[in-house]
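Engineer: Handing you a structure now.
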C-alpha cells in the first residue's frame with residue numbers, strides 16, 4: 001500500500017500503562033512542533049483574508065482587554081472561539097473554611113474551553129485526514145552516563161530541553177525525568193540552567209569555559 005503523503009501528521013508514543021500483551025499502551029499527538037506568533041497570524045490575515053496590517057492584532061488586544069475587565073469579578077466570557085473564566089488557587093492547606101483569608105486566594109490562570117463551533121471549524125479544515133509521522137520506537141530507560149548524555153543530546157533540538165521531550169528520549173516517566181533535569185541544575189558544576197517560559201520549564205546547557 002503506498003504511503004499517504006498528505007493529512008495532519010501524528011506520532012504514536014507509549015504510555016506508562018501496559019496492555020494485555022505486556023506492551024505499553026499508545027497515545028497519539030500531532031507531530032508538528034511549528035508555532036505561529038501573533039505577527040505571523042496577522043500577516044496571514046492580510047495576505048489571505050483582506051485585513052489591513054495590524055488590524056487583527058488590534059482586535060485581539062481589544063478582546064483581551066475587554067475580557068479582562070469582564071472576568072475581573074469571576075464572570076465567564078463566551079466567544080465564537082470558546083469560553084474563558086478565571087481559575088483560582090488556594091495558598092496553603094486548609095480544612096477549616098474560617099481559616100481561609102482573602103489574601104490566601106490567587107489567580108492561577110485562565111480556564112479555556114473551546115466552543116463546538118471552533119472544534120468543528122478545525123475538523124473541517126483537516127481535509128485529508130491523518131498520517132503517521134514515524135513508527136513507534138521502543139524505548140529503554142537510561143541506565144548509564146553515556147545513555148543519559150545521548151538522551152540529553154537528542155532532546156536538545158531548539159537550544160533548550162523540555163521535560164516531555166527528555167522523558168520520551170530517556171524512556172522515563174514525566175516526574176522522574178523532571179527530577180533528573182532539576183538535579184543537573186544543582187551542584188558545584190551544574191550542566192543545565194532552568195528558566196521559566198510561560199507555563200513551561202526550559203533547561204539550557206551551560207557551556208564550560
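Engineer: Can you name every residue in the range 25-53 that is assigned to a loop (DSSP other than H, G, I, E, B) and surrounded by fewer than 13 Cβ atoms within 10 Å (Cβ to Cβ)? Spell out the reasoning first.
Structural biologist: The initial filter retains those residues of the range 25-53 that are assigned to a loop (DSSP other than H, G, I, E, B), namely 31-37, 50-53.
The answer is 32, 33, 34, 35, 36, 37, 50, 52, 53.
Engineer: Next up: Just name the residue that is surrounded by the fewest Cβ atoms within 10 Å (Cβ to Cβ) out of those in the range 161-189 that are modelled with pLDDT of 90 or more and in a loop (DSSP other than H, G, I, E, B).
Structural biologist: 185
Engineer: Could you tell me whether residue 40 is within 23 Å of the chain's Cα centre (by Cα) and within 27 Å of residue 120 (Cβ to Cβ)?
Structural biologist: The answer is yes for residue 40.
Engineer: Still on this structure, please answer the following. Has the range 126-146 got any residue that is within 21 Å of residue 32 (Cβ to Cβ), modelled with pLDDT of 85 or more, in a loop (DSSP other than H, G, I, E, B) and in contact with a strand residue (DSSP E or B) (Cβ under 7 Å, 6 or more places away or on another chain)?
Structural biologist: Yes, that holds for at least one residue.
Engineer: Let me ask something additional. Considering only the range 75-93, state which residues are surrounded by 12 or more Cβ atoms within 10 Å (Cβ to Cβ) and assigned to a loop (DSSP other than H, G, I, E, B).
Structural biologist: 75, 76, 79, 81
Engineer: Can you tell me which residues in the range 1-33 are more than 16 Å from residue 168 (Cα to Cα) and modelled with pLDDT of 85 or more?
Structural biologist: 7, 8, 9
Engineer: Which residue pairs have Cβ atoms closer than 8 Å, lie 6 or more positions apart in sequence or on different chains, and pair a first residue in the range 9-31 that is touching a residue at least 12 places away in the same chain (Cβ under 8 Å) with a second residue that is surrounded by 15 or more Cβ atoms within 10 Å (Cβ to Cβ) and not in a strand (DSSP E or B)?
Structural biologist: Here the result reads 9/31; 10/31; 11/31; 13/168; 14/139, each pair linking the range 9-31 to a residue that is surrounded by 15 or more Cβ atoms within 10 Å (Cβ to Cβ) and not in a strand (DSSP E or B).
The values are calculated or read from the model by the stated rules, or taken from the named source; none is laboratory data. Nothing here was measured: the structure is a model prediction, and the numbers come from that model. Please note: Cβ atoms are built from the backbone with ideal geometry, for glycine as well, and neighbour counts cover all protein chains shown.
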